[in-house]
Amino acid sequence: MNKFVGKVSIVEVLIWVLLIAVLLFTVTPIVFMIVASFMDAKQILAMPFSWIPSREYFTTADRTFFTNFQKAIMGNNDNPTFFRNLFNSLVVAITDSFTTIFLASLCGYGLAKFKFKGRNLIFLAIMSTMMIPFEAIMIPLYMVVSGMKMINTYRGLIIPFMVSAFGVFQMRQYLLTFPSEYIDAARVDGLSEPGIYARIVVPNSKPVIATLGILSFRNQWDNLLWPLLVAQSETMKTIPQYITKFSEEKMTDEGAMMACAFLASIPMFILFFTLSRYFLGGAAVYDSRKG
Amino acid sequence: MAKKGYSIERKQAKWGLVFTIPCLIFFAVFSFYPIINALFTSLTNRRAISRTSDFVGFENYVYIFTKDNGGFPLSNSIRATLIFTVGTFIPMIIASLIIATFLMQLRKDKYRGFFQLMYYTPAVLSSVVAASIWMIMFDPRGLVNQLSNFVMRTSGVDYNWLVDSTMLQISTMMIYFWKYIGYFVILFITGLASIPNTIYEAATVDGSSRWHTFWKITLPLLKPTTAMVSIMAMLQCLKTFSTQYMLYQGGSSRFPIDVITMNIYFTGIRNGRLGRASAMSIVLFLIMLLFTYIQLRLTRSSEDVEY
């Protein structure tokens, strides 16, 4: 019996060692980004690396605690676009998450709770678009958007990502399990169909709506390829473009680069640590694809 | 009564269409039309500047498969994409399966939740942020070299993470692996959590060891999840762009990491060769379809697992 307990605890120790090793692997680069954003290039590339920003670098005449952050915001020119680009990213990500929630819930509700001719065909058609990767259609999409004179506009950045097939699928799957009795009861009470959608369906789909909104926000926040195509003027660029350009210009100023990366990550960090259960759940909802 | 039922059905059908048509129009304009358009454009010599568009048959396909496209042939891009995909998604699936299995062994949900949160954190950073962090850590004097020298018991060796063409490819794989490992761990945890506890209890009663249980019970029952997760991981790797683009902008050479999406971007947008870029897009689309088909065939036999 004792031997058995001993054996189990060795396995347990091994499990903990591996889990902590993975933890160090995932967290160390993030900690590195944060501490390095307060350091200058000399300290970042010092051998051996010290994890605490050294005081002597801040106290010189031309360096303060926030020098890197000032550089990250000011960039190389007199006309800084950091806040404008941050604002653009927020506008695009927030708008697309709301349109995704609205259109996907509307369509998912229609597909899950109404019987009509062609319903299955519509569902299949929408699902088949999941097989078309954005990367394969970006060139014609670019031609469509430039034909509609939407280059360098918010519309051009936002419209192609207003809803996703995955979002529609997720809403439909969720609403299939929603009891139809509630909807029928509301009908009997004389609520109109849009009223049922707005006052019964949406309030009862909060978890899946939150998850979809966050997924959409994160995808747009991370999007680099499409803005590279349609946002060509400095004022219409998004944050991933700003970081790319900044790191190209400031290749030797590692501290400023990390400060820039850190600043750009703060909105996502806030969102993640306040709504983490929807993020973690958001990954999990993919699994219901297999039913 | 019958008449009323009929009108309710009519009303239902009307509202069903009203709710679904907006999305259908959206997908028609922004998915179906572009893919058909890509197919059509790939058969023309369309360029961004002149806006001429003459039908040239399969000339673009012949060109991208036989010419070197200004030093960046499509064959190299297919090689780069396939190496990246295989080198990233296979280690990622194996590692995330092992980590998820280990996490499930933890007795307290609190610890498991903490680990999940910490593993997932890199996934919320944008790809360009992830790449820029690692670019600095891969510096000749940076952290990764310091650690490698410590582990390999060498001193002052530069492993050329961002310079040597093989190392550069490994670096992109590492960045991607780091960013997405937590995400795939969570997918596997969801799969593992859906296996009923009673099965494990029965196995324990029968005297099955943990190792035996994992190979004979967990793994077979997890096959549907594994199939789904690996298709997702694979498709995601085939579409990679930001990591490679960021490293290229940071000064690394383009050739070793010139994945298909990057070649489409440079050919179509930077060089304005829309016809050729469309042909490459169609090739990418076909590669993704083919890979999905192969994966589905390989895993089909396991689809009918029931608990």
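The values are calculated or read from the model by the stated rules, or taken from the named source; none is laboratory data. Source: prediction; values computed, not measured. As a convention, Cβ positions derive from the backbone with ideal geometry for all residues, glycine included, and neighbour counts pool all protein chains shown. Surface areas here come from the heavy atoms of the whole protein model, side chains and all, with no ligands, DNA or RNA. Shrake-Rupley method; radii C 1.70, N 1.55, O 1.52, S 1.80 Å.
One table, with the values for the structure above:
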read-out: Accessible area (Å², per residue) of chain A, counting only protein heavy atoms and a probe of 1.4 Å; value: 45
read-out: Unit Cα scatterers, Debye sum, region B:73-302: log10 I(q)/I(0) for q = 0.11, 0.14, 0.15 Å⁻¹; value: -0.68, -0.99, -1.08
read-out: Accessible-area order (highest first, 1.4 angstrom probe) of the listed residues A:Val91, A:Val13, A:Val188; value: A:Val188, A:Val13, A:Val91
read-out: Length-normalised contact order for chain A - Cα pairs under 8 Å, 6+ apart - percent; value: 31
read-out: Under Karplus coefficients 6.51, -1.76 and 1.60, residue-wise ³J(HN,Hα) of region A:144-155 in Hz, glycine/proline x; value: 4, 5, 6, x, 8, 6, 10, 5, 6, 10, 5, 4
read-out: Chain B, dipole about Cα centre (Lys/Arg Cβ +1, Asp/Glu Cβ -1), debye to the nearest 20; value: 820
read-out: Per-residue average of Cβ from other chains inside 10 Å of B:282-295; value: 2
read-out: Probe 1.4 Å - accessible area at A:Thr129, Å² to nearest ten; value: 10
read-out: Charge dipole (chain A, unit charges on Cβ, about Cα centre) - positive-most of A:Pro29, A:Ala125, A:Leu86; value: A:Ala125
read-out: About the Cα centre, charge dipole magnitude for the protein assembly as shown (Lys/Arg +1, Asp/Glu -1 at Cβ), debye; value: 1340
read-out: Share of carbon and sulfur in the accessible heavy-atom surface of the protein assembly as shown [1.4 Å probe, %]; value: 66
read-out: Sorted peptide list for B:211-224, A:200-213, criterion being average Cβ within 10 angstrom, highest first; value: A:200-213, B:211-224
read-out: Other protein chain Cβ atoms within 10 Å, averaged over every residue that makes up A:113-119; value: 6
read-out: Accessible-area value, B:Arg210, 1.4 Å probe, nucleic acids and ligands omitted, Å²; value: 100
read-out: Buried area at the A-B interface (accessible, heavy atoms, 1.4 Å probe, summed, Å²); value: 8800
read-out: Translational D in µm²/s for the protein assembly as shown (Stokes-Einstein at 20 °C, 1.002 mPa s, Kirkwood Rh from C-alpha pairs); value: 82
read-out: Å² of accessible area per residue within chain B, as computed with a 1.4 Å probe and no ligands counted; value: 46
read-out: Which of B:Leu117, A:Phe116, B:Trp178, positive extreme of dipole for the protein assembly as shown (C-beta unit charges); value: A:Phe116
read-out: Rounded, prolate or oblate (a/c below 1.5 giving rounded, otherwise prolate when a/b exceeds b/c) for region B:7-89 by Cα gyration tensor; value: oblate
read-out: Dipole of region A:82-290, positive direction: furthest Cα of A:Met268, A:Ser233, A:Ala104, with charges on the beta-carbon; value: A:Ala104
read-out: The protein assembly as shown - Cys residues lacking any other Cys C-beta under 4.7 Å; value: A:Cys260, B:Cys237
read-out: Sites matching trypsin sites (Lys or Arg not before Pro) across region A:106-140 that sit in DSSP coil, with at most 11 neighbouring C-beta atoms within 10 Å; value: A:Lys115, A:Lys117
read-out: Contact order relative to length of region B:53-173, as percent, for alpha carbon pairs under 8 angstrom and 6 or more apart; value: 15
read-out: Two-decimal log10 I(q)/I(0) for region A:82-290, as the Debye equation yields it once each C-alpha is a single scatterer, q = 0.07, 0.08, 0.11 Å⁻¹; value: -0.27, -0.35, -0.62
read-out: Accessible surface of B:Met173 - all protein chains present, 1.4 Å probe, nearest 10 Å²; value: 30
read-out: Most to least accessible of A:Phe161, A:Phe273 (protein chains only, probe 1.4 Å); value: A:Phe273, A:Phe161
read-out: Equivalent-ellipsoid semi-axes of region B:141-249, from the Cα gyration tensor, Å, largest first; value: 39, 20, 10
read-out: At least 10 Å² accessible surface lost relative to isolated chain, residues of region A:229-251 (1.4 Å probe); value: A:Leu229, A:Pro240, A:Ile243, A:Thr244, A:Ser247, A:Glu248, A:Met251
read-out: Surrounding net charge for B:Arg141, when Lys and Arg each add one and Asp and Glu each subtract one, Cβ distance under 12 Å; value: -2
read-out: Loop-located trypsin sites (Lys or Arg not before Pro) in region B:37-111 whose Cβ has at most 15 other Cβ within 10 Å (DSSP); value: B:Arg51, B:Lys67, B:Arg107, B:Lys108
read-out: Shielding score for A:275-281, defined as the mean number of other chain Cβ atoms within 10 Å; value: 4
read-out: Order of exposure, largest accessible area first, which applies to A:Val92, B:Val62 with probe 1.4 Å; value: B:Val62, A:Val92
read-out: Neighbourhood net charge (12 Å Cβ-Cβ; Lys/Arg +1, Asp/Glu -1) for B:Ser242; value: 0
read-out: Estimated dipole of region A:82-290 in Debye, rounded to 20 [Cβ of Lys and Arg +1, of Asp and Glu -1, Cα centre]; value: 640
read-out: Chain B: calculated mean residue ellipticity at 222 nm from DSSP helix runs of at least 4, using -39500 (n - 2.57); value: -22500 deg cm²/dmol
read-out: Neighbour cut-off at most 10 other Cβ (10 Å), DSSP loop, trypsin sites (Lys or Arg not before Pro), region B:118-208; value: B:Arg153
read-out: Minimum 30 Å² accessible area buried by the other protein chains, region B:130-151 residues, probe 1.4 Å, relative to alone; value: B:Ser132, B:Ile133, B:Ile136, B:Met137, B:Asp139, B:Arg141, B:Leu143, B:Gln146
